[in-house]
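Engineer: The structure under discussion is supplied below as C-alpha cells; questions concerning it will follow.
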Amino acid sequence: MHRLSIRIAAAFLLSLVACSAGAADSGAKSLDAAWIKAMNGNDIEAVMKLYAADAVTWFPGGPESRGTQAIRAGYEGLMSGNTVKDASISNAVYRTVGKSSVAWGNFSFTLVPKAGGNPTTLKGRYTEVAEKRNGRWVLIVDHASADPPPAAK
C-alpha cells in the first residue's frame, strides 16, 4: 500500500512538472513577444511567420484580410510609408489549453512617417487565437480595434 501511494504521488509530481514545462511553450504569449520584436524591427517577414496560411485578421479601420497575401498587404500598407517605433502590449491575458491559445489586451505603437512629419501613436485593443500546428504556434485569428475617442465632457 505504501509503495502504491509513493507511485501515485510520484506520478502526480511528474504530471505537474510536465505541465510546468508546457507553460514555457506559452502559445499566444510567445507569439505576442515575437510580434513586438518583429514590429520594433520593422521586419515584415518575421511578422508574417507568426500567421498561419489560412489566418484571418481585422485591423483598425481596415477590411477583413484572409490568408497570407492579404495579411501581408495590410502590414505592407502600414509599414511601407512608416517606421514602427515602440510597439508594446499591455494588460494582456493568456489562456492556453492543449493546442489552442487565446489572448486579449491592449496594443500601442508609434508610426514615424518615412517622408517626414509628426509621429502618430496607435492604441487599441486586440483579441487573438493561436493554434499549435506542426510543432509551432501560429496565429489563426487576429482582431484589433482602435481605442474609442475619449468621452465628451
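Engineer: In whole percent, what relative contact order does the range 26-146 give with Cα contacts below 8 Å and a gap of six or more residues? If you can, show how the numbers build up before the last one.
Structural biologist: Values: 256 pairs, mean separation 34.7, N = 121.
Relative contact order comes out at 29 percent.
Engineer: Over 31 Å between Cα atoms: which of Lys85/Lys132; Lys37/Lys132; Lys29/Lys153 fall into that group?
Structural biologist: On the way: Lys85/Lys132 29 Å; Lys37/Lys132 20 Å; Lys29/Lys153 37 Å.
The answer is Lys29/Lys153.
Engineer: Also: At Lys85 and Lys153, where each label point lies 7 Å from the Cα along Cα→Cβ, what is the point-to-point distance in nanometres?
Structural biologist: Once both label points are built, they end up 2.8 nm from each other.
Engineer: Among Ala92, Ala144, Leu78, whose Cα projects farthest towards the positive end of the dipole of the range 26-146, with charges put on the beta-carbon of Lys, Arg (+1) and Asp, Glu (-1)?
Structural biologist: Working it through, the farthest residue towards the positive pole turns out to be Ala92.
Engineer: Calculate the dipole size of the range 26-146 relative to its Cα centre from +1 charges on Lys and Arg beta carbons and -1 charges on Asp and Glu beta carbons; express the result in debye to the nearest 20. Kindly include the intermediate steps, with their values, before the conclusion.
Structural biologist: Numbers: 14 positive and 10 negative charges, 53 e Å.
Around 260 debye, computed over the range 26-146.
Engineer: Which distance in Å, rounded to a whole number, links the C-alpha centroids of the range 35-94 and the range 102-135?
Structural biologist: Using only Cα atoms, the two centres lie 7 Å from each other.
Engineer: Would you calculate the separation in nanometres between label points at Val102 and Ala70, each defined as 7 Å from the Cα along the Cα-to-beta-carbon direction?
Structural biologist: 2.2
Engineer: Between Met48 and Asn118, what FRET efficiency follows from the Cβ-Cβ distance if R0 is 35 Å, with the result rounded to 0.05?
Structural biologist: According to the calculation, E is roughly 0.75.
Engineer: Taking a temperature of 4 °C and a viscosity of 1.567 mPa s, what whole-number D in µm²/s does Stokes-Einstein yield for the range 18-153 with Rh from Kirkwood over alpha carbon pairs?
Structural biologist: On the way: Rh = 15.5 Å.
So the translational diffusion coefficient is about 83 µm²/s.
Only the coordinates and a few stated rules stand behind these numbers; no lab work does. Model, not experiment: these values are computed from the prediction. Neighbour counts run over all protein chains shown; Cβ positions are idealised from the backbone, glycine included.
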